[in-house]
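The values are calculated or read from the model by the stated rules, or taken from the named source; none is laboratory data. From a predicted model like this one, the values you see are computed outputs, not experimental measurements. Note that we place each Cβ from the backbone using ideal geometry, even for glycine, and neighbour counts take in every protein chain shown.
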Amino acid sequence: MSAARYAVFGQPIAHSQSPRIHAAFGEAEGIAVDYRAIEATPAAFAAALEAFAADGGVGANVTLPHKEAAFALCATRTSRAQRAGAVNTLLRKGQAWHGDNTDGAGLVRDLTARHGLDLRGRRVLLLGAGGAARGVAPALLDAGILELVVANRTPERADALVDAMGEPGRALSAYWDALREQGDFELIINATAAGRGDGAGFSLPLSLVNSLTTAVDLNYGEAAIPFLAWARAAACRNSFDGLGMLVEQAAESFQQWHGVRPRTDDVYAALRARDALLVTAD
Ligand code: NAP
């Protein structure tokens, strides 16, 4: 019997690490995995997903720019996907798609299990309010942080994200230009795509940093360079990129589809050894 089919949809998608990661998980767990990368424009995404299902597709990951479209195409969703308003994992149930969002669980697992951070009681600054930020915000709140402050280039999107969390007083928005007035944070997360742009540096007030501050970029490879350079210059205690989150969110997806949570350390080490600077963002 041929293996059930899985795929990642995005645009662009050629450099996605997901096929490599899922193949490695399958090999390690003794599960045959047929997982491909499928490029689709926003206009073609819904039809491409249906064609995939008709051809035996039973599970898919969704990356830029389709996470919100995927959310709309699902008949049912997990509560964490519902709260995020974005879906990165699809599971075929009968004749319809069930949507999940594993980004937040992936980040929290990377922060706590791999990097040993205790998130409880921490003030967290989240930069960005796109699909990735929406995915990680509920998981951070659920992990027991004290306060989440969200700042975004377009402030209305930060307000909408905070409203969607439904935790007034604990989740707040702030103007990017007024971050100096926000005090300091134990965790600063870059969930923007700013580093993918023209290479301009990242500029944030040094007053955001205290002696415990960890800085995390959800990006990896070249796109993480500007923020991580700022974090080092600002003397953050720790700083790291999103490669671990990438592996952990993939493991969460793998578990949804195959019922087994794969071990992630070897896959993470292999990706890291390939030189993070050569790894292009999904
Ligand atoms: P998205 O939905 O397109 O959102 C992009 C975000 O970046 C928005 O908040 C946008 O602000 C902001 N932004 C873009 N250019 C900016 C600039 N020059 N200055 C300041 N802010 C800027 O993308 P996404 O899905 O949230 O992904 C964000 C990044 O996270 C991507 O680079 C992606 O590769 C990475 N990511 C990593 C993982 C992982 O597993 N490690 C998972 C998901 C995403 P506006 O609202 O003002 O446009």
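I need the full set of residues from region 224-245 which are away from the ligand (no atom under 16 Å from the Cβ) and either surrounded by fewer than 21 Cβ atoms within 10 Å (Cβ to Cβ) or among the basic types (K, R) (or both), in order please. Hits for region 224-245 are R232, A233, A234, A235, R237, N238. Taking the stated definitions as given, is V108 surrounded by 18 or more Cβ atoms within 10 Å (Cβ to Cβ), in a helix (DSSP H, G or I), aliphatic (A, V, I, L, M) and within 14 Å of the ligand (Cβ to nearest atom)? The answer is yes for V108.
Are any residues in region 2-46 among the acidic types (D, E) and out of contact with any Lys or Arg (no Cβ under 9 Å at 6 or more places or on another chain), and if so, which ones?
We begin by selecting, within region 2-46, every residue among the acidic types (D, E); these are 27, 29, 34, 39.
Within region 2-46, E27, E39 qualify.
Take the conditions within 15 Å of the ligand (Cβ to nearest atom), aromatic (F, W, Y) and either modelled with pLDDT under 95 or buried (at least 16 other Cβ atoms within 10 Å of the Cβ) (or both) and apply them to F45. Does it pass? For F45, the condition - within 15 Å of the ligand (Cβ to nearest atom), aromatic (F, W, Y) and either modelled with pLDDT under 95 or buried (at least 16 other Cβ atoms within 10 Å of the Cβ) (or both) - is met.
Of the residues making up region 215-239, those that are within 17 Å of H115 (Cα to Cα) and touching a helix residue (DSSP H, G or I) at 6+ places or on another chain (Cβ under 8 Å) are A215, V216, D217, L218, N219, Y220, S239.
Among the residues of region 25-48, those that are in a helix (DSSP H, G or I) and either outside the structural domain of A69 (by TED's automatic domain parsing) or in contact with a Leu (Cβ under 9 Å, 6 or more places away or on another chain) (or both) comprise F45, A46.
For R20, indicate whether it is basic (K, R), in a helix (DSSP H, G or I) and assigned by TED's automatic domain parsing to the domain that holds V260. Spelling it out, R20 is indeed basic (K, R), in a helix (DSSP H, G or I) and assigned by TED's automatic domain parsing to the domain that holds V260.
Test A72 against the stated conditions and say whether it is under 29 Å from A139 (Cα atoms), among the aliphatic types (A, V, I, L, M) and either touching a Phe, Trp or Tyr at 6+ places or on another chain (Cβ under 6 Å) or not assigned by TED's automatic domain parsing to the domain that holds H258 (or both).
Values: under 29 Å from A139 (Cα atoms): yes; among the aliphatic types (A, V, I, L, M): yes; either touching a Phe, Trp or Tyr at 6+ places or on another chain (Cβ under 6 Å) or not assigned by TED's automatic domain parsing to the domain that holds H258 (or both): no.
The answer is no for A72.
Residues that are surrounded by fewer than 13 Cβ atoms within 10 Å (Cβ to Cβ) and not charged (D, E, K, R) were ranked within region 197-221; the one that is modelled with the lowest pLDDT is G199.
If only one of S16, S2 is touching a Gly at 6+ places or on another chain (Cβ under 9 Å), at pLDDT below 95 and more than 26 Å from A269 (Cβ to Cβ), which one is it? None of the others qualify; the one that does is S2. Considering only residues in region 112-134 that are surrounded by fewer than 20 Cβ atoms within 10 Å (Cβ to Cβ) and part of a helix (DSSP H, G or I), the one that is nearest to the ligand (Cβ to nearest atom) turns out to be R114.
Flag: R80 matches the condition of being in contact with a helix residue (DSSP H, G or I) (Cβ under 7 Å, 6 or more places away or on another chain), part of a helix (DSSP H, G or I), crowded, with 17+ Cβ neighbours inside 10 Å and of a type in the set (D, E, K, R).
Which condition breaks for I145 when tested against (1) in contact with a Leu (Cβ under 7 Å, 6 or more places away or on another chain); (2) in contact (Cβ under 8 Å) with a residue 40 or more places away in the chain; (3) within 15 Å of the ligand (Cβ to nearest atom); (4) among the hydrophobic types (A, V, I, L, M, F, W, C)? Here I145 clears every test but (3). Residue count for region 152-191 satisfying the condition of being within 8 Å of the ligand (Cβ to nearest atom) and modelled with pLDDT under 95: 0.
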